[in-house]
Amino acid sequence: MESETERQVNRGFRMKRVITKTDHVVERKVRDNLILVPMNTGPARLDALYTLNETAGFIWNHITPGIHEDDLVSLLVDQFEVNQDSAREDVLRILEKLAAIGAITISAQE
């Protein structure tokens, strides 16, 4: 099933989307792993830990106040030397997962 984001992209509709970290999770570095730990608020399960892979960790670490989705795509292209389409797919997929656990909010900006 196609997500709302994919529907917008497929229709050629591209609003700037601003990504913001929430206070529903805290991050912990354990050895080489970046782990998100749910707090007692938000939609994340309190008995769950979320381990981020290298790409997701890179994206998480680059979410700064006011950053746009397109900025994250560009950073991913530069860091991992992937093409724009692959980077966009990765960013969209990871942002949707982070939003689903309450780690980020995504707001549209015209």
**Item:** Those residues of the stretch 56-110 which are over 19 Å from VAL25 (Cβ atoms) and part of a strand (DSSP E or B), in sequence order
**Value:** HIS68, ALA108, GLN109
**Prompt:** For ALA108, all conditions in the list (1) closer than 16 Å to LYS16 by Cα; (2) at pLDDT below 95; (3) crowded, with 18+ Cβ neighbours inside 10 Å hold save one; what is the number of the exception?
**Reply:** (3)
**Prompt:** Considering the stretch 50-74 alone, what residues qualify as being free of Cβ contacts under 8 Å to residues at least 12 places away in the same chain and among the charged types (D, E, K, R)?
**Reply:** GLU54, ASP71
**Prompt:** Quick one: would you say VAL77 is modelled with pLDDT under 90, surrounded by 14 or more Cβ atoms within 10 Å (Cβ to Cβ) and not charged (D, E, K, R)?
**Reply:** no
**Prompt:** Of the residues that sit in the stretch 5-35 and are of a type in the set (A, V, I, L, M) and under 19 Å from LEU72 (Cα atoms), which one is modelled with the lowest pLDDT?
**Reply:** VAL9
**Request:** Starting from the stretch 18-34, keep only residues that are without any contact (Cβ under 8 Å) to a residue 40 or more places away in the chain, then list their pairs with residues that are in a strand (DSSP E or B) and surrounded by 15 or more Cβ atoms within 10 Å (Cβ to Cβ) whose Cβ atoms are within a distance under 6 Å, requiring at least 6 positions of separation or different chains.
**Result:** GLU27/LEU36; ARG28/ILE35; LEU34/LEU52
**Fill in**
Filtering the stretch 75-110 for residues that are of a type in the set (Asp, Glu) and in contact (Cβ under 8 Å) with a residue 40 or more places away in the chain leaves a count of 2
**Item:** Residue that is modelled with the lowest pLDDT, among those in the stretch 43-55 that are closer than 16 Å to VAL26 by Cα and surrounded by 15 or more Cβ atoms within 10 Å (Cβ to Cβ)
**Value:** ALA44
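The values are calculated or read from the model by the stated rules, or taken from the named source; none is laboratory data. No experiment lies behind these values; they were computed from the predicted model shown. When we count neighbours, we look across all protein chains shown, and the Cβ atoms used for this are built from the backbone with ideal geometry, even at glycine.
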